[in-house]
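The values are calculated or read from the model by the stated rules, or taken from the named source; none is laboratory data. All of these numbers come straight from a predicted model, not from anything done at the bench. Note that we place each Cβ from the backbone using ideal geometry, even for glycine, and neighbour counts take in every protein chain shown.
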């Protein structure tokens, strides 16, 4: 009864519903790998050109030695020729083994051709063994020294090249400030060095951003490197801060080799190198690590700079808030004095005032309290803006509705001005926080009322321009001179002192409007009206809507 | 002589005084309560015609008060909230409140809201209105059984959604309906896209209802809250 009795595997699957399967290579696989590795080394060691070179050198040395012998020169010269041969062998071949063998063969060949009895491997004279040993040691040491020198020269050249690339990278990275640029520079340098395609994804908020693909050939098709599997490997590398992927023992079926871009403190991203059956050699590997280190440092610097800028912004906001508070507590006193004073007069001496005086007092109390109400509205908006995006609730709103709502809140002085709203033919939907935009319109219109004469006309128009909605609020008052245009958006600036109301201007309205509009990704601009007056125009992002039927 | 009985629930003495003075000056009868407990007691014992309810009460949440009252009474409730309680306002409307006033409010505004509510009470004892098959509001006439709407005797050409909206608004005339309430009733869910669509349909419906700019306004927008159909003479 198979259905009733689950197998062990089924039980296991039930116990762990999402198992990760890791296949750990057994001994066979390991052996195959080792064998391959060993063979490749041997092939490398015994290559045909090197063998020809070595044999050729010995033949050449023997021929030259024979010539010397014919000329009757001493054995010492012939020995020198052989040592020279070994030295040259060491220089022109790739491995020390050639010079070792060449040394041994030289001694044997010398013995064979040039010692009595000739053409045998025996030697009569007693001091020959000493000669042979000395010759061997001299040949071998010279060869070894030559090889070491060659290796050092090569290393020095490599080191110089590596230093140059690193230095270039360093310099280039120093010049850039943006994350994207840092990534591009790093990738360019790595491509220059290794001539391979690669992917780089940076980390943000504990997750990897989608990778950027860099190709040597300028190709952009990288779908095969963007599979779930590749992304998972990259993420594993990010989480575990270890390299993985192709040519490593971890998740080696990936197409790329993934390494983390890290400093000692944190991992800033992951780089994926396209391997395509060509593993990295040790040199590539070490320089890759150095450049990634540089890149990580640059990213760390960038992050630190960003944090510093944020801190500075916070400090600046704090300063602004302090200024605001000081300015408010000062400016609150004036209307409060007027309200409480007038009310107290009415309470204690109410009967002594004539009707007209009383009317004046009531109206003063009303005006001052309205001013306070407006101030409170603005302050609330300021705090919401300052607390950042969280408190801005962007919704799809109808622009007409917002403007109509705002016009209902315009202070009662509007009876002395004509306010006209001309709506656009198009029905405009905007993405905005309605309350804040209402506040923007109220402030601009109130401002226009405050700084223009009675019977001025204030015209509000809306317009759709590409993906922006424009709201224009134009008046035909005295306008704003060019030299003051910039300062109207500064906090605590209030216009010409000649206007009676200006003592009640906190200079908060327009700067607030500007920051609200900016927070919506729009722009608030001030231009001149013809023949006179000012036009405030602000833009808001529009929204298209798929109607739900 | 106005005989509407109004219950004022407000814990702040000056604001309470302001309201009582205003009501007295306009010949309303009124009761006061300074907290939620007292408010519920007053509603059950005196059966007021309209309740003015401050959301920020010392003893309990204003929304709780609405829910309690709504368990047995359909008395119109007008919420009074401070500006910072914007989301509470929507919550309170969804809980069953009819209208809202934002502090600071003007005396005219308060009186206007009361008149709107009174008109609704007078026009039709709400329930009867919704039960009948024809709704009349000024020049607007909606015949629910025929599924048609007329303005000045002329049939309005409405899309199905517009007609549904019009019915929803007319059946709740005088009441502020929140975006969530409307979208729930029209589409059965309330996603962001629905609210956006709602604005579009509301704009087209309004265009058809208020063809010339000097004609009466039937639908009122409450930014950030919702819409309401006004009862017109």
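Return only the number of the condition from (1) surrounded by fewer than 19 Cβ atoms within 10 Å (Cβ to Cβ); (2) over 30 Å from residue A:369 (Cβ atoms); (3) within 15 Å of the chain's Cα centre (by Cα); (4) within 14 Å of chain A (Cβ to nearest Cβ) that residue B:188 does not satisfy.
For residue B:188, the exception is condition (3).
Out of A:300, A:284, I need the residue that is modelled with pLDDT of 85 or more, on the phi < 0 side of the Ramachandran plot and assigned by TED's automatic domain parsing to the domain that holds residue A:241. Which one?
After ruling out the rest, the residue left standing is A:300.
Looking only at region A:539-549, decide whether some residue is away from chain B (no Cβ under 14 Å), over 37 Å from the mean Cα position of the chain (by Cα) and touching a residue at least 24 places away in the same chain (Cβ under 8 Å).
no
With respect to residue B:17, determine if the residue is more than 21 Å from the chain's Cα centre (by Cα), at pLDDT 85 or above and exposed (fewer than 15 other Cβ atoms within 10 Å of the Cβ).
yes
What is the one condition in (1) more than 21 Å from residue A:279 (Cβ to Cβ); (2) surrounded by fewer than 16 Cβ atoms within 10 Å (Cβ to Cβ); (3) in contact (Cβ under 8 Å) with a residue 12 or more places away in the chain; (4) in the same structural domain as residue A:279 (by TED's automatic domain parsing) that residue A:220 does not satisfy?
Residue A:220 satisfies every listed condition except (3).
Considering only region A:176-198, state which residues are outside any helix (DSSP H, G or I) and surrounded by fewer than 15 Cβ atoms within 10 Å (Cβ to Cβ).
Within region A:176-198, A:177, A:178, A:195 qualify.
Looking at region A:57-76 only, could you name the residues that are assigned to a helix (DSSP H, G or I) and exposed (fewer than 14 other Cβ atoms within 10 Å of the Cβ)?
Those that are assigned to a helix (DSSP H, G or I) and exposed (fewer than 14 other Cβ atoms within 10 Å of the Cβ): A:59, A:63, A:67, A:70, A:76.
Within region B:90-101, how many residues turn out to be within 14 Å of residue B:226 (Cβ to Cβ) and part of a strand (DSSP E or B)?
Total satisfying the criteria: 2.
Check off (1) in contact (Cβ under 8 Å) with a residue 24 or more places away in the chain; (2) buried (at least 16 other Cβ atoms within 10 Å of the Cβ); (3) more than 8 Å from every other protein chain (Cβ to nearest Cβ) for residue B:201 and give me the number that stays unchecked.
(3) is the only condition that residue B:201 fails.
Hey, does region A:349-370 have a residue that's within 11 Å of chain B (Cβ to nearest Cβ), touching a residue at least 12 places away in the same chain (Cβ under 8 Å) and outside any loop (DSSP other than H, G, I, E, B)?
Yes, some residue in region A:349-370 is within 11 Å of chain B (Cβ to nearest Cβ), touching a residue at least 12 places away in the same chain (Cβ under 8 Å) and outside any loop (DSSP other than H, G, I, E, B).
Any residue that is assigned to a loop (DSSP other than H, G, I, E, B), closer than 18 Å to residue A:204 by Cα and either in contact with a helix residue (DSSP H, G or I) (Cβ under 9 Å, 6 or more places away or on another chain) or modelled with pLDDT under 85 (or both) - is there at least one of those in region A:266-281?
Checked against the condition, which is being assigned to a loop (DSSP other than H, G, I, E, B), closer than 18 Å to residue A:204 by Cα and either in contact with a helix residue (DSSP H, G or I) (Cβ under 9 Å, 6 or more places away or on another chain) or modelled with pLDDT under 85 (or both), region A:266-281 yields at least one hit.
Go through (1) part of a helix (DSSP H, G or I); (2) over 29 Å from residue A:373 (Cα atoms); (3) out of contact with any helix residue (DSSP H, G or I) (no Cβ under 9 Å at 6 or more places or on another chain) for residue A:290 and report which single condition fails.
Just one mismatch for residue A:290, condition (3).
Restricting to region A:77-115, what's the tally of residues that are surrounded by fewer than 21 Cβ atoms within 10 Å (Cβ to Cβ) and in a loop (DSSP other than H, G, I, E, B)?
Selection size over region A:77-115: 3.
Got a sec? Which of A:307, A:294 is away from every other protein chain (no Cβ under 14 Å), out of contact with any strand residue (DSSP E or B) (no Cβ under 8 Å at 6 or more places or on another chain) and under 30 Å from residue A:160 (Cα atoms)?
The conditions single out A:294.
Please note which helices (runs of 4 or more DSSP H) are completely contained in region A:397-487 and include at least 2 residues that are within 14 Å of chain B (Cβ to nearest Cβ) and closer than 21 Å to residue A:511 by Cα.
A:399-408, A:434-450
Assess whether residue B:94 counts as being modelled with pLDDT of 85 or more, in contact with a strand residue (DSSP E or B) (Cβ under 9 Å, 6 or more places away or on another chain) and within 27 Å of residue A:410 (Cβ to Cβ).
no
State all residues of region B:163-183 that are within 14 Å of chain A (Cβ to nearest Cβ) and either out of contact with any helix residue (DSSP H, G or I) (no Cβ under 7 Å at 6 or more places or on another chain) or more than 16 Å from residue B:221 (Cβ to Cβ) (or both); if no residue qualifies, say none.
Within region B:163-183, B:163, B:164 meet the criteria.
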